[in-house]
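This report refers to the structure that appears directly beneath it.
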Amino acid sequence: MKPKYRRLFLKFSGEQLAGEHKSGIDPKIVAWIAGELKQALTLGVEIALMTGGGNMVRGKEVIGNGIRPVTGHNMGMLSGLLNGMAVTDILNDNGVPARLLTNIRADQVADQYTERRAINHLGKGRVVVIGGGIGRPYFTHDTAAVNLALELQCDLICKLTKVDGVYDKDPMKFTDAKLFKHLSFRKAVEDPNIMVMDKAALGLAMEQNKPILIFNFNQSGNIRRVADGESIGTIIDATA
């Protein structure tokens, strides 16, 4: 049986790669991710992914004291590339074929991203890891993920979080927080309390009518469940 989705784009945060560490990468976490991806790949789905860089350098936090905004943003993008390098190696080491592409010119460590190259790898069953966002300042990894998912004609954009989806308030602080199973793009963009993804990323997805799914990173089997069409997390689209 074919999966519901032909091609997924997964966006991980840098903090997720750090695990319980304050910074850096926990190889055990990435090895666990490899196992999760392997489950989904057996269904025949194609997967592209991107990680943020918050476990290394969060660009907006280093700006100032002589560091220009453009420099800070570029440092954040380079942090995403560092994560992509590690993730690609660990995926391959755990039996998940993966290739690293980047929009930043870094020929010694990664192949240059092109849509044709990425599609070719996906068609051969490889996970495409994209490091460094779109390689331009003022575009977050979230916005880059939506941009690239559109370019690669992915059927669904997935933002993986530490909770089960989008709530009306922080479920880590409020026991009566309500989980939304379905949200409209307009609600997600206009409601200041919904901060699961930056507004520019949500606005671009809304403009192009590309659905976004927010779901729990920590629950084993969730990526496979998504590929298979099971209803988990919070779907954000134009139909709510």
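Checked against (1) without any contact (Cβ under 8 Å) to a residue 60 or more places away in the chain; (2) touching a Leu at 6+ places or on another chain (Cβ under 8 Å); (3) surrounded by fewer than 20 Cβ atoms within 10 Å (Cβ to Cβ), Ala110 passes all but a single condition, namely (3).
On the stretch given as region 97-129, residues that are closer than 11 Å to Ile47 by Cα and among the aliphatic types (A, V, I, L, M) total 7.
All of Lys178, Lys210, Lys199 fail the test of being over 18 Å from Leu10 (Cβ atoms), in contact with a strand residue (DSSP E or B) (Cβ under 7 Å, 6 or more places away or on another chain) and either loosely packed, with under 13 Cβ neighbours inside 10 Å or not hydrophobic (A, V, I, L, M, F, W, C) (or both), apart from Lys178.
Restricting attention to region 118-145, report how many residues are over 14 Å from the mean Cα position of the chain (by Cα) and under 13 Å from Leu101 (Cα atoms). The qualifying residues number 7. Quick check, is Leu101 aliphatic (A, V, I, L, M), in contact with a strand residue (DSSP E or B) (Cβ under 7 Å, 6 or more places away or on another chain) and part of a helix (DSSP H, G or I)? Criteria not met by Leu101.
For region 131-151, the set of residues classified as in contact with a helix residue (DSSP H, G or I) (Cβ under 6 Å, 6 or more places away or on another chain), in contact (Cβ under 8 Å) with a residue 60 or more places away in the chain and at negative phi consists of Gly131, Pro137, His141, Asp142, Thr143, Val146, Leu150, listed by residue number. Residue-level analysis places Asp89 outside the set of residues that are over 26 Å from Gln39 (Cβ atoms), surrounded by fewer than 17 Cβ atoms within 10 Å (Cβ to Cβ) and free of Cβ contacts under 8 Å to residues at least 24 places away in the same chain. Just a yes or no: is a residue in region 28-46 more than 30 Å from Glu230 (Cβ to Cβ) and either in contact (Cβ under 8 Å) with a residue 12 or more places away in the chain or in contact with a strand residue (DSSP E or B) (Cβ under 9 Å, 6 or more places away or on another chain) (or both)? No - not one qualifying residue is present in region 28-46. Residues that are part of a strand (DSSP E or B) and either surrounded by fewer than 18 Cβ atoms within 10 Å (Cβ to Cβ) or more than 13 Å from the chain's Cα centre (by Cα) (or both) within region 1-43 comprise just one, Arg7. Scoring Glu46 on the criteria (1) of a type outside the set (A, V, I, L, M, F, W, C); (2) touching a His at 6+ places or on another chain (Cβ under 7 Å); (3) at pLDDT 95 or above; (4) surrounded by 22 or more Cβ atoms within 10 Å (Cβ to Cβ) leaves a single failure, condition (2).
The values are calculated or read from the model by the stated rules, or taken from the named source; none is laboratory data. Source: prediction; values computed, not measured. Backbone-built Cβ (ideal geometry, glycine too); neighbour counts: all protein chains shown.
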